[in-house]
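*Asks:* What follows is a structure written as structure tokens; I'll ask about it next.
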Amino acid sequence: MKKLAKVNKIKNSDEKTTLEIELNKIEENILSKYASENGLLVGVTFFDNRLLTAKQQAKIYALLDEITFHTASEEIDFKNKKHGTNFKNEREHIKNVLKNTFCEHMKIQKFSLSNVDQTTASQFINYIIEFCFRFEIPFHEKWSNLTDDITYFLYLCIKYRKCSVTGKPGEIHHVDAIGAGRDRKEYDHTKSRLICLSREMHSKAHNVGWETFKDLYHLDGIYLNAKQVKECHI
């Protein structure tokens, strides 16, 4: 059961924070149902009330531009997209569809991009980026301009086997080498930093060495947990 509560008073001490909360009346039989020998234990979720930044809003619309350009029903000049009424109408339709599916996926109320909080905006950006990976929407802009969550982007590159440098089809590179003679099926891939690179970039990483390659492209491998390793079929 979830209830929305208002915090009326906050008291901090060296070891704990005490919150005095107020919420709509809950019947005694409901309270007793959730009580245990340790009393009534509840979880606390803090809502981020800071509005999305101009930078986040720009990223969202840049991503929507990419999707609209590659799914438009008629040929569109990408550089002049903002002058086309049809482009704006199609982008608005795509935005609404993505917002609706995102809200259903997250089980949250619908929101407006004019006043959504920063956390939801960040999650929505990641949702759109994964949509682009799933449906192979290429980026005109440099990918680092489209997300602040570089780790998540690198994870998606691994999951969808896209080169983190070029965007071309890629393969998994173990930054921390497995070692000759090791069985990759038995190896614990959570122990090594991973990155997805095209065949060309993969060869280059081996030839120049990882430290040089990392400095050239400002990228590093990431660690995956066991669940992510399984999701990525490694």
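The values are calculated or read from the model by the stated rules, or taken from the named source; none is laboratory data. Owing to the predicted nature of the structure, the values given are computational and were not obtained by experimental measurement. Cβ placement follows ideal geometry from the backbone for every residue including glycine, while neighbour counts extend to all protein chains displayed.
*Asks:* What pairs can you find where one residue is in segment 112-131 and touching a residue at least 24 places away in the same chain (Cβ under 8 Å), the other is among the basic types (Lys, Arg), and their Cβ atoms are less than 6 Å apart, with a gap of 6+ or different chains?
*Replies:* Gln118/Arg50; Ile125/Lys59
*Asks:* A further question follows. Give me the pairs, please: first residue somewhere in segment 194-213 and acidic (Asp, Glu), second residue anywhere and modelled with pLDDT of 95 or more and outside any strand (DSSP E or B), beta-carbon distance under 7 Å, and either six or more positions apart or on two chains.
*Replies:* Hits for this filter: zero, empty list.
*Asks:* Quick test for you: out of Thr85, Thr119, pick the one residue that is among the hydroxyl-bearing types (Ser, Thr, Tyr) and surrounded by fewer than 11 Cβ atoms within 10 Å (Cβ to Cβ).
*Replies:* Every option except Thr85 fails the conditions.
*Asks:* Under the condition of being among the β-branched types (Val, Ile, Thr) and under 22 Å from Ile150 (Cα atoms), which residue from segment 20-61 is surrounded by the most Cβ atoms within 10 Å (Cβ to Cβ)?
*Replies:* Ile60
*Asks:* Within segment 65-166, considering only helices (runs of 4 or more DSSP H) that don't extend past its boundaries, which have at least 1 residues that are at pLDDT below 90 and either at positive phi or of a type outside the set (S, T, N, Q) (or both)?
*Replies:* 85-106
*Asks:* Condition (residue is in contact with a strand residue (DSSP E or B) (Cβ under 8 Å, 6 or more places away or on another chain) and at pLDDT 80 or above) applied to segment 52-60: is it met by at least one residue?
*Replies:* yes
*Asks:* For segment 110-123, enumerate the residues that are hydrophobic (A, V, I, L, M, F, W, C) and closer than 15 Å to Ile150 by Cα.
*Replies:* Passing the criteria: none in range.
*Asks:* Could I ask something else about it? Kindly provide the set of residues from segment 197-208 that are out of contact with any His (no Cβ under 7 Å at 6 or more places or on another chain) and under 13 Å from Leu219 (Cα atoms), ordered by number.
*Replies:* Residue satisfying the conditions is Met201 alone.
*Asks:* Just to be sure before I move on: is Lys227 assigned to a helix (DSSP H, G or I) and at pLDDT 95 or above in the structure I sent?
*Replies:* The answer is no for Lys227.
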